[in-house]
């Protein structure tokens, strides 16, 4: 018997008709003899409404109580979904994160999963029931308090349960058709990616693609969980994120084998183009070019708990004995990082600090880069032709990122999408010879 | 150090300003050095809204899931209240029914409390925090599923916690000033009762007084918990429900000793007049007057799980060898009881069944009845003067109830209230020499 974990986001369970539609989909899987575990988010805007309520009673609510408050949202959606499934003639039982065995640390609002002990979920499945689990929430191992996993938490709940239960696939239902070669709002000719590797998806998510949360992809890669990102508003296939040769359900009674990377089919160089306009850039001008200075800068930055992304250090000019250091970071983190650096100005000895929040980052992602050295040259030529200036560059084995002026970013994304042959009139990308229908 | 359990109903925490007002009251107690445990209901109409949502996805939602759904309501109000208290500078921690140790049986929607193990509440108090507990909910001892206690559940949660923690008083905050000598909407000259015994309050609640739920009063009597029913919209004293000589807090740093029943102060004959217009009356005409027939009738009724209240069996006429049996019951229970009796007509051998939902019940309650035999005569005279016909009569040691036509009920209540000297221009009742301010 195959086991499917399905995750439905807030827009998929926004109201009673949506919940009944989701129930019908689940029941179809059950009718085909498949075991189903469902992870749900809170209905529609419930979480935002609860945050508004909290703000009305306290400007800085304690994390423990905010978690207690917010977890009410999934409690409502999961109970309603269980009712709708029961009404369709199948047994269903809902479980809180705590009941489902999502054991976390005690970091309220951004708890990390320590262990998953889904004994009650397994019991429900063995009794023939659909198990509905509240996404986004867990219980602290030490304090026994209710915790939440933070943004992207429901995706992570689903992947963690799929790993712990040995599910055949973890389906992530959302309001788009899957992962696209670029953001369709920026690139009208972008199209759905049929299949992509965990590594590529990880780079996509880290580079600004929003359909799947980075953390959930990391978890899926570590435990080799096959993911299927698809729309809850249609029966079409979405994007498979899997190792080659995996067999998994794609619908009630329907199965597919994922394509292997080694198969001799046309494989594009680039899987997709991601972009991120949420970062800013700090430049320290005139840092003394002596050993340990850069380390001192980033030690201070690390103490602020900010997420530093790209770092560039200019070649020192021999005359001055000084160099410039630039790095990018989320604009939300910028004020406290600037404050920390400016407070340590005497220790660091730099001449001035510049900050820009008008930058954008473009990333090409593709496992094909491993064997094709010409990607950077191709990107630089395409951007040059489009009149886009490049400010910073960074690379990984399967990713190439550049920083541009923010006003050039969307033009740069379209130019790169075209230059690497991703534009499609058919609305279908074939990555690893994907087999979308 | 004194320990106060406070219960706030939905209207007391209906919105953010109301929650902040409740927080200020709690903080005042804490500032006076008192330990406070707070039991909250769901905000305003939340529970009804959740029931509406359930009805939209399923005409007959399973009890387990309905309980899971409804318990989200208290989760929201208790977390918000904890935030508001924290914002006022005192530590507060919220706890679900399960976390607070409210152990119940597995009867969803009407669970009975089996045990109360408030270890985490005691720990929170010992750490100097206010403990906020979700009313109305518990966890099943056998299935570990979330349960709800049914109507009046939050009052029962508060009383059960007060008993388990050995609290000095359990304050029930509501939107009225306390328990009145009669429903002020019916009797304009009704006034607040300053103090009343558990036994009298039990009879009041059982006879239709709605301010306190019968079940909570039963629990309080069994464990001798002193109750204080009062308004969350003022600082005035409400109604004390206590044994004589109990010492308990009545406000921040303020204490009072309850008056003893034996004290030589003016003690009224009657504490209050309750009425109930939610009952109907079934009459079986021509039941064979042979041993065991009445037992057979009520065995069949008992199998329907209906709450039978008053029973009257007429004297049999020797000529026919038949008698009439009448009993009252909640109108909600009437259809299934009628169905059960009519299905057993051959076995029971009665001639016909009559049903009326146009009855009303008036009850006089007062411990003074024990030593004053003239109460029934006084009531009958008053009702006769008011032109009210009496259909049925039943008594307990401290209660006298009569059934009237429903259209006569309010007139009967006013007449009884006047006849027993309860009308007051001062808005204050002195029962047991009560000491209201």
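The values are calculated or read from the model by the stated rules, or taken from the named source; none is laboratory data. All figures in this text were calculated on a predicted structure; none of them were measured in a lab. Virtual Cβ from ideal backbone geometry, glycine too; neighbours counted across all protein chains shown.
Looking across the stretch A:9-44, the residues that are in a strand (DSSP E or B) and away from chain B (no Cβ under 14 Å) come down to A:35, A:36, A:37, A:39. Reported count of residues in the stretch A:111-145, each being closer than 19 Å to residue A:75 by Cα and assigned to a loop (DSSP other than H, G, I, E, B), is 7.
Residues of the stretch A:149-170 that are more than 17 Å from the chain's Cα centre (by Cα) and not in a helix (DSSP H, G or I): A:166, A:167, A:168, A:169.
For the stretch B:175-201, a tally of residues being surrounded by fewer than 22 Cβ atoms within 10 Å (Cβ to Cβ) and under 13 Å from the mean Cα position of the chain (by Cα) returns 2. Residues in the stretch A:1-22 that are surrounded by 23 or more Cβ atoms within 10 Å (Cβ to Cβ) and either farther than 17 Å from residue A:135 by Cβ or over 26 Å from the mean Cα position of the chain (by Cα) (or both): 0 in all.
Among the helices (runs of 4 or more DSSP H) confined to the stretch A:256-369, the ones with at least 1 residues that are without any contact (Cβ under 8 Å) to a residue 40 or more places away in the chain, in the same structural domain as residue A:382 (by TED's automatic domain parsing) and under 29 Å from the mean Cα position of the chain (by Cα) are located at A:293-302, A:334-343.
Each residue in the stretch B:192-203 was checked for being in contact with a helix residue (DSSP H, G or I) (Cβ under 8 Å, 6 or more places away or on another chain) and in contact (Cβ under 8 Å) with a residue 40 or more places away in the chain, and 6 pass.
Every test in (1) touching a strand residue (DSSP E or B) at 6+ places or on another chain (Cβ under 8 Å); (2) more than 9 Å from chain A (Cβ to nearest Cβ) is passed by residue B:47 save one, and that test is (1). Filtering the stretch B:79-95 for residues that are touching a strand residue (DSSP E or B) at 6+ places or on another chain (Cβ under 9 Å) and more than 12 Å from chain A (Cβ to nearest Cβ) leaves an empty set.
Does the stretch A:63-79 contain at least one residue that is modelled with pLDDT under 95 and over 24 Å from the mean Cα position of the chain (by Cα)? No, there is no match, as no residue in the stretch A:63-79 is modelled with pLDDT under 95 and over 24 Å from the mean Cα position of the chain (by Cα). Restricting attention to the stretch A:203-218, the residues that are surrounded by fewer than 24 Cβ atoms within 10 Å (Cβ to Cβ) and not in a loop (DSSP other than H, G, I, E, B) add up to 5.
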